[in-house]
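This report refers to the structure that appears directly beneath it.
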Ligand SMILES: Cc1cc2nc3c(=O)[nH]c(=O)nc-3n(C[C@H](O)[C@H](O)[C@H](O)COP(=O)(O)OP(=O)(O)OC[C@H]3O[C@@H](n4cnc5c(N)ncnc54)[C@H](O)[C@@H]3O)c2cc1C
């Protein structure tokens, strides 16, 4: 009762990284609240699935295993969460801000009249004083995310309704195993008790899963280009440098909007979040929406012709010059030294 729950997304029988990241965060929140962390896994052929989640400090895994539960469809998964939450009364429920989470979260929260904050960038526990009614609420979930076009960072709370629900994008939280031998309870539910037969009305007949074309999220070195790269040809230079450094290429939204680079390489609030060891920002000014997706990089190098570009304030090294002058020199240098 009143625990922290994480809905774990599956691809086949593999738990998604975003869910493992949320279990890591969920464990920390549960520790602060002095409650348990519980995971929900729903799919087909899930023997032994608990071994994927228990090491993240999960105290209880709810397994729903039935032929109609994979691939994901809205109705059965929503019924599982709604009916389980009516029994378990969680205080917090987290899920990935993925295609599935964005479909499932609002449905569950509207059925339970709970409220939901999408795309949180941070989650904390804190109190809130409602001065109008003279009441202080303790141990609320602070659901923190950029608002008003990224101009402010808002802290959103649900003082009265439960569960407090939030979605978080992949890569925003860090995934960390707590204890490889962590002992938790596994509950295998009778799916028919939670899901009426009519929920299986939608059948997935054919399914195409496109493999990611790059590994931007996991790359140890990211070379990102901005509007200052000037053109698609400018980005070709970045791909050449990336080849020398075994890096991946990312982009700012302005560069993507200008057609210099594909959308799936956009880094930032409305793109991918990256945490590489080295981030080289080329012709990027460093607006808050971009920084939101790369600020946790180990070392940041900025190449910019404006010494006052905002990105320079968070960069470890600044190369003041044009990308046309600096990038070819870097390519030449690394080519020479990698031989
Ligand atoms: C709701 C919302 C969400 C957003 N989400 C994102 C997001 O996810 N990711 C994102 O990146 N942005 C996002 N943005 C847009 C963001 O506000 C900025 O507009 C964008 O990041 C700017 O990209 P930029 O730095 O490449 O371009 P600019 O701001 O135009 O900066 C270009 C930089 O290049 C430098 N430069 C120019 N020519 C050269 C040269 N020849 N050599 C070297 N340097 C040069 C300039 O000095 C400047 O610093 C979002 C905005 C909103 C409102």
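Coordinate-derived values only; no laboratory data. Everything numeric here is computed off the predicted structure, so don't read it as measured data. In this analysis, Cβ positions are derived from the backbone assuming ideal geometry, glycine residues included, and neighbour counts consider all displayed protein chains.
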Considering only DSSP beta bridges whose two residues both sit in the range 4-201, what percent are antiparallel, to the nearest 5? 35 percent
Among DSSP beta bridges lying fully in the chain, give the percent that are antiparallel, nearest 5. 25 percent
Quickly work out the residue 329-to-residue 122 label distance, labels modelled 7 Å from Cα along the C-beta direction, and quote it in nm with one decimal. 3.7 nm
Pull out a ≥ b ≥ c, the square roots of the eigenvalues of the alpha-carbon gyration tensor of the range 175-222, then state rounded if a/c is under 1.5, prolate if not and a/b is larger than b/c, and oblate in the remaining case. oblate
Prolate/oblate/rounded label for the range 221-337 (Cα gyration tensor, a/c 1.5): rounded
For a test of the definition: using alpha carbon positions, the gyration tensor, and the 1.5 limit on a/c, classify the range 128-234 as rounded, prolate or oblate. oblate
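How do 172-185, 31-44 rank on mean C-beta neighbours within 10 Å, highest first?
Numbers: 172-185: 13.8, 31-44: 20.5.
So the peptides 172-185, 31-44, ranked by packing, come out 31-44, 172-185.
Per the helix-only calculation at 222 nm, which mean residue ellipticity applies to the chain, given -39500 (n - 2.57) for every DSSP H run of n ≥ 4 and division by its residues, nearest 500 deg cm²/dmol?
The helix-only estimate for the chain comes to -8000 deg cm²/dmol at 222 nm.
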The range 1-116: antiparallel bridges as % of DSSP beta bridges, rounded to 5, reads 10 percent
Using Cα-Cα distances under 8 Å and only pairs 6 or more residues apart, what relative contact order does the range 221-316 have, in percent? 28 percent
By count of other Cβ within 10 Å, fewest leading, how are 207, 253 ordered? 207, 253
Between the range 32-105 and the range 133-154, the alpha-carbon center distance in angstrom: 26 Å
Proxy reagent accessibility, fewest Cβ within 10 Å first, across 273, 74: 74, 273
